[in-house]
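In what follows, a structure is listed as structure tokens, so that the remarks can point back to it.
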Amino acid sequence: MTDAVKKPLKILMCTPRGFCAGVVRAIEIVEIALQKYGAPVYVRHEIVHNRFVVQDLEAKGAVFVEELDEIPEGDRPVIFSAHGVPKAVPADAKSRNMFYLDATCPLVSKVHVEAERHNKDGYEIILIGHDGHPEVVGTMGQLPEDAIKLVETVEDAARFEPADPDRLAYITQTTLSIDDTAEIVAVLRGRFPDIVGPHKEDICYATTNRQEAVKEIAEACDALIVVGAPNSSNSRRLVEVALKAGCPHAMLVQRAEEIEWDGFDAAKIVGVTAGASAPEILVEEVIDALRQRFDITIENVTTRKENVSFKIPRELRQDAAE
């Protein structure tokens, strides 16, 4: 197909998009550990929810496992993923004399600290989040069983019965829909006016900023592509946010080959963004796929500047500086 017969298509590129500071830090921890200790370096669970990133690290010598008992005995380091782990996991690693590095995002660790503080102060704790997500499993695993109750929906919030309505606190998963979470919190506050919330919102800056950018362009778009993994909570939320904000068609793709082109037959304006664990190279791949089929023009829509960075663990800092 020649350029002359390609249909024109305007692409609105969301900024910010893609990697957040916690993802950058987690990937750096694996890469620096491989440089320092050599391969293999073991990683418990996907370091971040993106298969491309995982495969790239595997090619460099990282070995991904789901549980510590999959790791052979020896002195190889093990890294905990950015989503955080229950307290039982590092305790298990210590009992096995394993050397471990914790790549938990500092903003997830903040939620863990809040949970422990509320528990120490005698509050019953509600965690707003998605059942089974690694971050939720890790957060609930900071305290004894049943110390944290999971609430997923407005309906859950309406049904929840605390032991003492006057001693209740809530925390949230960091990658939720801002609007959906606000609705759940409104129900909880309506039922329990004295409920204690976070001093600063638990939903992280990157989730907030990427949702804000999608809302900015959603109504103008005939379709929107979110680059991200199906098991990435923040990526899935971007699709939901786009549809709720007025975009008639939104899809989540891991790679360009997954794009369902039928949704673009009548499209004149398409939005593109990426979840916080999706590398920019995959966004470029999607743009190239669009370029092959359409005569594209690109407009960058910037809603926020990001300059957040997190330090890597102390054990790796000196080597990184060198």
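Scanning the range 213-269 for residues that are under 21 Å from the mean Cα position of the chain (by Cα), buried (at least 18 other Cβ atoms within 10 Å of the Cβ) and part of a strand (DSSP E or B) yields LEU224, ILE225, VAL226, VAL227, ALA250, LEU252, VAL253. Every condition in (1) surrounded by fewer than 17 Cβ atoms within 10 Å (Cβ to Cβ); (2) modelled with pLDDT of 95 or more; (3) farther than 25 Å from ALA103 by Cα holds for GLU306 except the one numbered (3). Here is the figure for the range 112-132: residues that are more than 24 Å from GLU183 (Cα to Cα) and buried (at least 20 other Cβ atoms within 10 Å of the Cβ) total 0. Picking from residues in the range 76-88 that are among the hydrophobic types (A, V, I, L, M, F, W, C) and surrounded by 21 or more Cβ atoms within 10 Å (Cβ to Cβ), the one that is nearest to PRO40 (Cα to Cα) is VAL78. Filtering the range 45-75 to residues that are farther than 18 Å from ILE281 by Cα, surrounded by 17 or more Cβ atoms within 10 Å (Cβ to Cβ) and not β-branched (Val, Ile, Thr) leaves HIS45, GLU46, ALA62, PHE64, LEU68. Going by what's in this entry, would ILE29 be described as crowded, with 21+ Cβ neighbours inside 10 Å and in the same structural domain as LEU168 (by TED's automatic domain parsing)? Spelling it out, it is not the case that ILE29 is crowded, with 21+ Cβ neighbours inside 10 Å and in the same structural domain as LEU168 (by TED's automatic domain parsing). Elements of the type helices (runs of 4 or more DSSP H) sitting completely within the range 98-177 and holding at least 2 residues that are touching a strand residue (DSSP E or B) at 6+ places or on another chain (Cβ under 9 Å) and β-branched (Val, Ile, Thr): these cover 134-140. For the range 141-153, the condition of being in contact with a Cys (Cβ under 9 Å, 6 or more places away or on another chain), of a type in the set (S, T, N, Q) and within 20 Å of HIS199 (Cβ to Cβ) holds for none of the residues.
Provide a single number: the residues in the range 126-178 that are more than 19 Å from GLU240 (Cα to Cα) and of a type outside the set (A, V, I, L, M). The number of residues fulfilling the criteria is 21.
Among the candidates GLU135, GLU152, the residue that is modelled with pLDDT of 95 or more, acidic (Asp, Glu) and surrounded by fewer than 21 Cβ atoms within 10 Å (Cβ to Cβ) is uniquely GLU152.
Mind telling me which of the residues SER81, SER109 ends up being in contact (Cβ under 8 Å) with a residue 12 or more places away in the chain, in contact with a His (Cβ under 6 Å, 6 or more places away or on another chain) and not charged (D, E, K, R)? It would help to see each step written out before you state the result.
On the way: SER109 fails: in contact with a His (Cβ under 6 Å, 6 or more places away or on another chain).
Exactly one of SER81, SER109 is in contact (Cβ under 8 Å) with a residue 12 or more places away in the chain, in contact with a His (Cβ under 6 Å, 6 or more places away or on another chain) and not charged (D, E, K, R), namely SER81.
So which of VAL227, VAL270, VAL253, VAL239 ends up being assigned by TED's automatic domain parsing to the domain that holds ILE296, in contact with a helix residue (DSSP H, G or I) (Cβ under 6 Å, 6 or more places away or on another chain), at pLDDT 95 or above and of a type outside the set (Phe, Trp, Tyr)? So that I can check it myself, show each step before the final result.
Numbers: VAL270 fails: in contact with a helix residue (DSSP H, G or I) (Cβ under 6 Å, 6 or more places away or on another chain); VAL253 fails: in contact with a helix residue (DSSP H, G or I) (Cβ under 6 Å, 6 or more places away or on another chain); VAL239 fails: in contact with a helix residue (DSSP H, G or I) (Cβ under 6 Å, 6 or more places away or on another chain).
Checking each option against the conditions leaves just VAL227.
Candidates THR208, THR181: the one that is out of contact with any strand residue (DSSP E or B) (no Cβ under 9 Å at 6 or more places or on another chain), among the hydroxyl-bearing types (Ser, Thr, Tyr), assigned to a helix (DSSP H, G or I) and without any contact (Cβ under 8 Å) to a residue 60 or more places away in the chain is THR208. Answer yes or no: is there a residue in the range 169-177 that is of a type outside the set (D, E, K, R) and surrounded by fewer than 17 Cβ atoms within 10 Å (Cβ to Cβ). Scanning the range 169-177 turns up no residue that is of a type outside the set (D, E, K, R) and surrounded by fewer than 17 Cβ atoms within 10 Å (Cβ to Cβ). When the range 270-300 is filtered for residues that are outside any helix (DSSP H, G or I) and crowded, with 18+ Cβ neighbours inside 10 Å, the ones remaining, listed by number, are VAL270, GLY271, VAL272, THR273, ALA274, GLY275, ALA276, SER277, ALA278, PRO279, PHE294.
For every residue, the table says whether it meets (1) farther than 30 Å from ALA220 by Cα; (2) in a loop (DSSP other than H, G, I, E, B).
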site: CYS14; (1), (2): no, no
site: ALA33; (1), (2): yes, no
site: ASP56; (1), (2): yes, no
site: ALA59; (1), (2): yes, no
site: ARG76; (1), (2): yes, yes
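The values are calculated or read from the model by the stated rules, or taken from the named source; none is laboratory data. None of the values given here were measured: they were computed from a predicted structure. Counting neighbours? That spans all protein chains shown, and the Cβs are built from the backbone with ideal geometry, glycine included.
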